[in-house]
Amino acid sequence: MIARTWHGAVTAEKSGEYLGLLRTVGLAEYLSVPGNRGAYVLERTDGDTVHFILISFWDSVEAIKAYAGEDISLPRYTKFDPDFLSDLAPSVQHHSVYSD
């Protein structure tokens, strides 16, 4: 299994609305792709900035490509992201997942 992680930051005043969109639109997009095993949103407040980390779990690189495109190191932004994010991260990270 592969975990895909992305980080974004928004102002505290916009964080509630952004979290709602992540939960209803962002996670739904992840979960609709065959080979996705689940996704979570992590949230952390640091002063006037709220940081979000999205972690999604995938069966394979091919499943990630079905969601993200051929270059899986690039984030896939939604149409609402530029209205909220303080900057658009140039890349995402991928990690192998192991369990007992």
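The values are calculated or read from the model by the stated rules, or taken from the named source; none is laboratory data. Bear in mind the structure is a predicted one, so any value in this text is a computation, not a measurement. Positions of Cβ are generated from backbone atoms using ideal geometry, with glycine treated the same way; all protein chains shown enter the neighbour counts.
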- Message: So, residue 60, is that one out of contact with any helix residue (DSSP H, G or I) (no Cβ under 9 Å at 6 or more places or on another chain), touching a residue at least 24 places away in the same chain (Cβ under 8 Å) and exposed (fewer than 14 other Cβ atoms within 10 Å of the Cβ) or not?
- Response: yes
Counting only residues in region 1-28 that are of a type in the set (Gly, Ala, Ser) and modelled with pLDDT under 95, the one surrounded by the fewest Cβ atoms within 10 Å (Cβ to Cβ) is identified as 28
Residue 74 vs (1) buried (at least 18 other Cβ atoms within 10 Å of the Cβ); (2) more than 26 Å from residue 13 (Cβ to Cβ); (3) aliphatic (A, V, I, L, M): all pass except (1)
Subset of region 41-52, residues within 15 Å of the chain's Cα centre (by Cα) and farther than 11 Å from residue 19 by Cα, comes to 44
